[in-house]
Structure formats: structure tokens, C-alpha cells
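Accompanying notes for the structure given below.
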Amino acid sequence: MSKVFSGIRPSGLLHLGNYLGAIKNWIALQAKHDCIFAIVDYHGITTPFEPDELRQNIREVALDYLAVGLDPKHATLIQQSHVPEHVELGWIFQSISPVSWFERVPTYKEKIAQHPEYVNLGLLAYPALMAADILIYKSTLVPVGEDQLPHIELTNDIAKRFNHMFGSPPPLPLPKGEGRVRVEFFPPVKALLTEGARIMSLKDPRKKMSKTGDEGIALSDTPDEVRRKIKTATTDSGREIKAGDDKPALTNLLTIYSEVSGTPIKKLETQYKGKGYAEFKADLAEAVVEFLEPIQKRRKELEKKRGYVEEILSSGAASARPLAQKTLLEVKKKMGLI
Ligand code: AMP
Ligand code: TRP
């Protein structure tokens, strides 16, 4: 049984990219492993936000988590700011890491280009808090999308640095002949990617699917919205319905089709040989609508249960906090803070 941690920023409704790129794995992991999944609200405030919208988005993401099948009986669901120990450990990590490690992170560069008016210190320190999210539970497995790999690498660099600076004391001498195993304080962390790995924007297949406008399909989009977005999705030149490096838009649409229907891409290519884009897109839209239907049905039921989301998040924090406090106490002792 591994310890698993992952999180999503509450920046809007979840979309198919989040689901196929990350959450699909969470659902598979929850029954077999020790999982904590978070709504990382402190990461959410590193880009521009409105308080009322943020409050609403935290709730939306929680509802989406539950609607797609995360089960509080199996996995612990938390709102990051309810476990403030993450931030304390994040500060410690910032204090032992060189600034240069953070300046070269690709998402930092992307974010400052996107919001030149809001280049805040939190944005730079973002990966230190993410490392704290993961390491405070000594998690070893992090199911995320491909874009998060540089953050996971940095998490391992920070863990190694901490271990090197303050890690376990030299092991006690053992009886002759027995090997010494040095147990590191923070374990190495591995990212777990899904097969679909990266879902691209419907408007520009060079960009990843995001929460904005018609670029992505939200898990709560109505059937008509789904049909319209797919109908107006960009395609490639030529007529063939085929995946390949020269067909980024169709590769993306075929990946989505295959993921939501469970039909391999090769089989879909054969099925649509000689057929037009219109027919392909109409069928794809129906496959997506069918896939989303049970999720949306469950979401509607959950929305009606007053106080349910709050209850799940508060019991999540109650089980996660003692674990976080334990690690933080050990860290503080090792560093001479206690
Ligand atoms: P975000 O919405 O950026 O907080 O991302 C939440 C999770 O979904 C992360 O693990 C991302 O890597 C993953 N993710 C976001 N967008 C995509 C996408 N278009 N394709 C695959 N995974 C994604
Ligand atoms: N950086 C992640 C994203 O943008 C969100 C995140 C914050 C996260 N802390 C994490 C993901 C810890 C995995 C583990 O999607």
C-alpha cells in the first residue's frame, strides 16, 4: 500500500483534461492505497481571483470530485488551507532551497507571461508548497498530468536537500556482517501519468485543454454545449480521420473518443475510414455526452444535500491534520526549532 497525494487548484469547473489526465488515476488508486486528494486553495491564490468566485470554485471542485467517483470512505478529501501545516513546511522548504531552482520552473515562466500584472512571490514559491503538500504525508505516488513533472522533480530535489541537511542521524553500529540501510527521512516521490496523459484544447491543439471558454469541455457542460464545442472544434488539413504527428487536432479528438468510449484509437480509425468529419464529430459528441451523463446525475443529487460538502471537507481535515502535525514536529526537532 503506497501513500498517494494529489491536488487541483480551485480555478473553475473541472474539465475532461483534468479527468483524463489525472483524476481517472485517482479513482483507480483510492481502493488500493492510502490516498489524500486536495483542493489546493493556497495555490489558487497565486493567480488573479475574486473572493466570491474562489469560494464558489472550491465548492464546485469538491462536488466534481465526489461526482466523478472519489469516495470519502476510501480517500481523504481535504481543502489545503484547512491543514495549515502544509504552509509551515512550505516555508521551511523555501528557506533551504536556492531561488534559482524556482526561477527555472516552466510553469512559473508561463504564469508570469500570462499575468504580467500579478507576478507575486507565491507564484515563485509555488513548488515549495506543492512539495510540502506531498512530503508532509511522506507520500510516494503522485497521480498528475504531464505538465506537473518539473514540479515533481523539484519535490525530489527539496526532499534530498532536507535529508542531506537534517536527515536521519548516522545509523547505530550493527552486529558484524549486517548491512546498514540508511532510511531517508523524506522518501523519493514518483509521478503517475495516465495513458491519455495530455488532452489538448479544442481550438488550438498545440495548447493543453484548459478551463477557458470553448477550449475545453467541462464535466458539467450540458449535452448541447458539448455538441456545439465538438462541432466547432479545430480539425487538421486533409480528410482522413487518423492520428499522427501531422494531425494534432485529430489525434486529440481520437484520444478523447477512445478514452470516453473505451475503444482503441486504431479501431476508431478503421471504423471512420472513408467517412467525413461531420459524422465523426457527431458520434464523438454523443460518446462524450453519454460518458458525462452519470457524472452529472450524481452531481445534481449531491448539490441537493445541504452541508454535505462542508462535512466531507471538515472530516477530511480532521483525519489529515494529525498526520501532518506529526511530520512537522519531526522536521522541527531535526532542525533545532524545538
Ligand atoms: P490544474 O487544472 O492546472 O490545476 O490541473 C489539475 C490536474 O489536471 C493536474 O494534475 C494537471 O496535470 C491535470 N491537467 C490539467 N489540464 C490537463 C490537460 N489538458 N491534459 C491532461 N491533464 C491535465
Ligand atoms: N500544481 C498542481 C496543478 O497545477 C496542483 C497541486 C498543488 C498538486 N499541490 C499538489 C498536485 C500536490 C499534486 C500534488 O495542477
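Some values worked out for this structure:
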read-out	value
Neighbours by Cβ (under 7 Å, 6+ apart or cross-chain): first from the range 9-20, closer than 14 Å to Leu63 by Cα; second more than 11 Å from ligand 2 (Cβ to nearest atom) and at pLDDT below 90	Ser11/Lys211; Gly12/Lys211; Leu13/Lys211; His15/Lys211
Cross-chain or 6+ apart pairs with Cβ under 6 Å, the range 26-49 first and within 15 Å of His82 (Cβ to Cβ), then within 14 Å of ligand 2 (Cβ to nearest atom) and among the basic types (Lys, Arg)	Val40/Arg9; His43/Arg9; Gly44/Arg9
Scope the range 96-113; condition within 14 Å of ligand 1 (Cβ to nearest atom) and touching a residue at least 60 places away in the same chain (Cβ under 8 Å); matching residues	Lys111
Residues that are within 12 Å of ligand 1 (Cβ to nearest atom) and either farther than 17 Å from Val331 by Cβ or in contact with a Pro (Cβ under 7 Å, 6 or more places away or on another chain) (or both), drawn from the range 130-149	Val142, Pro143, Val144, Gly145, Glu146, Asp147, Gln148, Leu149
First in the range 118-136 and more than 12 Å from Arg9 (Cβ to Cβ), second anywhere and among the aromatic types (Phe, Trp, Tyr) and near ligand 2 (Cβ under 8 Å from one of its atoms), Cβ under 6 Å, 6 or more apart	Ile134/Phe5
Selection within the range 180-194 - at pLDDT 75 or above and more than 11 Å from ligand 1 (Cβ to nearest atom)	Glu184, Phe185, Phe186, Pro187, Pro188, Val189, Lys190
Tabulated pairs, the range 236-250, first more than 14 Å from Gly276 (Cβ to Cβ) and basic (Lys, Arg), second at pLDDT 95 or above and not in a loop (DSSP other than H, G, I, E, B), C-beta under 9 angstrom, 6+ apart or interchain	Lys247/Leu254
Helices (runs of 4 or more DSSP H) within the range 1-120 that include 2 or more residues farther than 24 Å from Glu310 by Cα	24-30, 85-96, 99-103, 106-114
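The values are calculated or read from the model by the stated rules, or taken from the named source; none is laboratory data. Quantities reported herein were computed from a predicted structural model and do not represent experimental measurements. Here the Cβ is made from the backbone with ideal geometry for all residues, glycine too, and neighbour counts use every protein chain on show.
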